[in-house]
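Below is one structure; the comments refer to it alone.
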Amino acid sequence: MTLSGFVNQFVSGLTFGMVLFLLALGLVLIFGVMRVVNFAHGSLYMVGAFTGYFVWEWLKGMTGSFWVSVIVAGLLVAALGLVLEYMLRPLYAREHSDQILFTYGCVLIIGDLVKWLWGGQYHSVPRPPGFQGRIELGGVVLPTYYLLVIGVGVATGLGLWLLLARTKLGKIIRAAVADREMVGILGIRLPRLFAGVFGIGAFLAGAAGMLAAPLGSIGSGMDVEIIVAVFAVVIVGGMGSFLGAALASLIIGEVYSFGILVLPAAAQVFMFLVMVVVLVVRPQGLIGAPER
Amino acid sequence: MKRWSAVAMMAAVVVLLALPWGVREYNIQLANLFLIGALFALSFNVLFGYTGLLSFGQATFFGVGAYALALLMKKAGLSFALAFVLSVPITAVTAGVIGFFCSRATEFFFSVLTLAFGQLLFVVASKWYTVTAGDDGIQSIFPPTALGSATRYYYFTLAVVALCTAALWWIARSPFGYTLQSIRDNPQRSEAIGINLRWYRWMAFVVSGVFAGVAGALFTTFNWAVAPTELEWTKSAEPVVMTLLGGPHLFGGPIIGAAIFTFFQFYLGKHTLFWAFSMGVVILFVVRFMPGGVGGYLWQRVQAARDASRKHAAQR
Amino acid sequence: MLLSAEGVSKSFGAVAAVTGATFNIEAGELVALIGPNGAGKSTLFNLISGILKPDAGTIAFDGDRISSLPPHRIAHRGIGLAFQVSNVFSRLSVLENIQVALFSARGKSGSLWSFGPRTLREEAREILAAIGLLELAGLSAGALAQADKKRLEVGIALAVRPRLLLLDEPTSGQSMEETDSTMALIRRINQEQALTVLFIEHKMDVVFGIARRVLVLHNGRLIADGEPRTVRANEQVQKAYLGETG
């Protein structure tokens, strides 16, 4: 394999990894604060992709329509996330299996709704104007859109880091991750915090859906395909760690990208292998805290 | 209490035995599907109701059993009887391998892994054209002429399912079954009395997988064909719904759930667009409002009535 | 020497829960482990029973190192544990709770050949009688009152016939009467069954009432080890407790 080819695959994997990162961020945030695992995260991603696509179609011709549709997708999915969170509330006190079952049921429901609203076929979404070409960097030719997605991913990561480290909301979130009950006792309204966190996570998932749409095609199987990859990230990186999510996204993205060269039809196998190996060797993930 | 459930059971057995008499073939096939579903759901409940593990990949073993029978009959040319018997160890080995990894994870991670393995095998079945004929699936897998009619195959299914149900009931009541329940109720305490959690979870997984595989094999010669859809994650949702509906904390809960499920399946039509949607709604509803399922609810009513009558008797 | 700990330490991040704990317990002893809140007592129990692994130091039981064994193996070696928060098998009946423990003790946990409800039933009933829960045998454990759950907890720990019994606050939440009967039970099992007992307690009258030796933990370190009277007079111990309330 030539150096140029290697770099190409690497950047491709990095791009996919960034999408996974955006999703994993939301999942880790929701879990860290609410101790709820959102099985429906992939479904939110799919809804984001479809709503974004159809908003973009509707706005066709308008300048910046792609970006508008990314934001709108994020907002619509955030709203959906708030609805889900509201329905989930009575279950917070219950066993984890009840919460898992609930979000699992949502996956079934959302999956069918998407099929009903938008049909079961696959659509391809073109890249936004300005990013449809390629750029040459040091002898390697890379699609500009990939670089954009990577940029967005890094920016989001930094943005979130700033949010957590510098803002009041960030401090509350970090406190809640460390000790949820304490935060409630301190007078912070937990329902609002939970809704907010779930909303942010959902926004990230929805926006990621539309952002990732031009990278491949969107269709009704997206939800399960992506959620397995995102779970792989979270398992490898540890459920409680943002840094772990970042590292793991990179790893899983690259494993998938290079895996396609070996087994084009089933690159998922390699993601599996990584997930399985990590689970056997270090069940708490590479960075996450041991969860019993 | 025991008397009531014994009576109910005997009534059910009589109904099941007498069913094919004077009943349309369509309904015999429905009952057949119910029996297969009941076994499928019971296998799921070994993990969920008894061991406290939520598996979203039960269809994996259903599919492995189904494909094993199909391939052994069509590709290896074995007789139905031999193929059916051999499908069991094949499923057991698969469950052993997958279970080895899944049993190292708990709660959420366990569920995710079962889903992931399910997807993996689904992809394998869909893409490995040379062996599994891919998306087309394998057709024309007929039971032997001795079981050729709907009625005869129904009785065969009834016999196999009854045997498996009895075996599962025995397992649930054995010390092994009690150990599983202790793991469900309190893994930490269970470990503190000397129980190797990983081992038992692994074994529960294998038991669960084997019985799901038998259900799958029964399905193959019922359906005369097998396709990758039997391995899809939405298929894995079916025993979940059945068990939740009937109640995971009663041995017979999954059976009740399977009956309700099969009943609605053919009034709503399985291949309508809203099948997954309906299953999702049922899950949401039951989890939120009826956590013990229909079976659990009935059980509570009977308990309450019994306690009330006891109080009444004591007051007299 | 039944149990020996040598330089045992455990930290959680920046918090040193236990530091350099060194002590021995002989067979047949009845030892109390006391200390102000947060001193590391439960952590020490978790280290002995294998739920946690020490960062440094070793723990040996009957001469064999157990610090690296998983909890279920340590349980089989003969260390029984009764938790502070009542940890019973809530969906099983009271009788079944004991039976499950007996199955494990007899190596029958994996058995598919016996009929569970009848297996070791008589022995289980005897244990229930010993802890005073026989009339509640058929009740599901989750429905028990807190105090009864505590007793069942002890019963489960006893059923595995341990040689060393770790009791984490056995009288917490109990009334004076119940506390007295629990104390009597502990004394009885220590003397009649020659069962070595190490228990954590906050109630000083319990400690000085039945313990024949007291270990004091403060900020993760053992600051005293000896007869109850000597420990009570120990200046460091008094400072530790007074310092907390002062």
Handout entry: helices (runs of 4 or more DSSP H) contained entirely in the stretch A:152-257, each with at least 1 residues that are among the aromatic types (Phe, Trp, Tyr)
Key = A:190-212, A:222-237
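Considering each of C:Glu96, C:Glu153 in turn, give the residue that is buried (at least 22 other Cβ atoms within 10 Å of the Cβ), over 20 Å from the mean Cα position of the chain (by Cα) and within 11 Å of chain B (Cβ to nearest Cβ). If you could, list the steps in order and put the result at the bottom.
On the way: C:Glu153 fails: over 20 Å from the mean Cα position of the chain (by Cα).
None of the others qualify; the one that does is C:Glu96.
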Exercise for the section: Could you tell me whether any residue of the stretch B:267-288 is crowded, with 17+ Cβ neighbours inside 10 Å and not in a helix (DSSP H, G or I)? Expected result: no
Problem - Of all residues making up the stretch A:200-243, the number that are of a type outside the set (Phe, Trp, Tyr) and within 14 Å of chain B (Cβ to nearest Cβ) - result: 20
Practice task
Would you please name the residue that is nearest to the other protein chains (Cβ to nearest Cβ), looking only at residues in the stretch B:88-108 that are in a helix (DSSP H, G or I) and surrounded by 22 or more Cβ atoms within 10 Å (Cβ to Cβ)?
Solution key: B:Phe108
Completion exercise
Note on the stretch A:108-121: residues surrounded by 20 or more Cβ atoms within 10 Å (Cβ to Cβ) and at the interface with chain B (Cβ under 7 Å from one of its Cβ atoms) are A:Leu108, A:Ile109, A:Gly111, A:Asp112
Exercise for the section: State all residues of the stretch B:159-190 that are facing chain C (nearest Cβ under 7 Å), among the hydrophobic types (A, V, I, L, M, F, W, C) and farther than 30 Å from B:Leu147 by Cβ; if no residue qualifies, say none. Expected result: B:Phe176
Problem - Among the candidates B:Phe289, B:Phe274, residue that is farther than 21 Å from B:Leu54 by Cα, at pLDDT below 90 and within 13 Å of chain A (Cβ to nearest Cβ) - result: B:Phe274
Practice task
Report yes if B:Ala204 is modelled with pLDDT of 95 or more, under 30 Å from C:Gly78 (Cβ atoms), within 14 Å of another protein chain (Cβ to nearest Cβ) and touching a helix residue (DSSP H, G or I) at 6+ places or on another chain (Cβ under 7 Å), otherwise no.
Solution key: yes
Exercise for the section: Check whether at least one residue in the stretch B:32-46 is over 11 Å from the mean Cα position of the chain (by Cα), touching a residue at least 12 places away in the same chain (Cβ under 8 Å) and surrounded by fewer than 24 Cβ atoms within 10 Å (Cβ to Cβ), and report yes or no. Expected result: yes
Handout entry: Candidate set from the stretch C:163-180 (those that are farther than 16 Å from C:Ile131 by Cα and touching a residue at least 60 places away in the same chain (Cβ under 8 Å)); member that is surrounded by the most Cβ atoms within 10 Å (Cβ to Cβ)
Key = C:Leu166
Problem - Matching helices (runs of 4 or more DSSP H) fully within the stretch C:197-246 where at least 3 residues are free of Cβ contacts under 8 Å to residues at least 24 places away in the same chain and out of contact with any Leu (no Cβ under 6 Å at 6 or more places or on another chain) - result: C:228-233, C:235-245
Fill in the blank from the handout: Contact list, first residue from the stretch C:107-129 and within 18 Å of C:Asn97 (Cβ to Cβ), second anywhere and outside any helix (DSSP H, G or I) and among the β-branched types (Val, Ile, Thr), beta-carbon distance below 7 Å, six or more apart or interchain, is C:Lys108/C:Thr119; C:Ser109/B:Ile195
Exercise for the section: Considering only residues that are over 22 Å from the mean Cα position of the chain (by Cα) and either crowded, with 23+ Cβ neighbours inside 10 Å or of a type outside the set (A, V, I, L, M, F, W, C) (or both), look in the stretch B:109-131 and name the one that is modelled with the highest pLDDT. Expected result: B:Ser126
Exercise for the section: Just name the residue that is nearest to the chain's Cα centre (by Cα) out of those in the stretch B:73-87 that are among the aliphatic types (A, V, I, L, M) and buried (at least 22 other Cβ atoms within 10 Å of the Cβ). Expected result: B:Ala83
Completion exercise
Sole miss for B:Gly194 among (1) part of a helix (DSSP H, G or I); (2) within 12 Å of another protein chain (Cβ to nearest Cβ); (3) closer than 29 Å to C:Leu165 by Cβ is condition (1)
Completion exercise
Checked the stretch C:63-78 for anything more than 9 Å from chain B (Cβ to nearest Cβ) and either touching a residue at least 60 places away in the same chain (Cβ under 8 Å) or of a type in the set (A, V, I, L, M) (or both); matches are C:Gly63, C:Ile66, C:Leu69, C:Gly78
Practice task
Can you confirm whether the stretch C:41-52 contains a residue that is over 18 Å from C:Phe83 (Cα atoms), assigned to a loop (DSSP other than H, G, I, E, B) and in the same structural domain as C:Gly220 (by TED's automatic domain parsing)?
Solution key: no
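Among the listed residues B:Ala237, B:Ala217, which satisfies the condition of being surrounded by fewer than 24 Cβ atoms within 10 Å (Cβ to Cβ), more than 14 Å from chain C (Cβ to nearest Cβ), aliphatic (A, V, I, L, M) and part of a helix (DSSP H, G or I)?
None of the other options fit; the residue is B:Ala237.
Examine the stretch C:105-116 for a residue that is of a type in the set (A, V, I, L, M) and within 10 Å of chain B (Cβ to nearest Cβ), and state whether such a residue exists. Even if it seems obvious, please write down each step before you answer.
Initial filter on the stretch C:105-116 (of a type in the set (A, V, I, L, M)): C:105, C:112.
Those left that are additionally within 10 Å of chain B (Cβ to nearest Cβ): C:105, C:112.
Within the stretch C:105-116, one or more residues are of a type in the set (A, V, I, L, M) and within 10 Å of chain B (Cβ to nearest Cβ).
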Fill in the blank from the handout: Exactly one of C:Ala147, C:Ala130 is more than 11 Å from every other protein chain (Cβ to nearest Cβ), under 26 Å from C:Leu2 (Cβ atoms) and not in a loop (DSSP other than H, G, I, E, B), and that residue is C:Ala130
Problem - Failed item in (1) within 10 Å of another protein chain (Cβ to nearest Cβ); (2) without any contact (Cβ under 8 Å) to a residue 12 or more places away in the chain, with A:Val262 passing the rest - result: (1)
Problem - Residue match in the stretch A:85-92 (condition: surrounded by fewer than 20 Cβ atoms within 10 Å (Cβ to Cβ), more than 14 Å from every other protein chain (Cβ to nearest Cβ) and among the hydrophobic types (A, V, I, L, M, F, W, C)) - result: no
Handout entry: Members of the stretch A:93-106 that are touching a residue at least 60 places away in the same chain (Cβ under 8 Å) and more than 7 Å from chain B (Cβ to nearest Cβ)
Key = A:Gln99, A:Thr103
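The values are calculated or read from the model by the stated rules, or taken from the named source; none is laboratory data. A quick note: this is a predicted structure, and the numbers were derived from the prediction, not measured. Cβ coordinates were reconstructed from backbone atoms using ideal geometry, including for glycine residues, and neighbour counts include every protein chain displayed.
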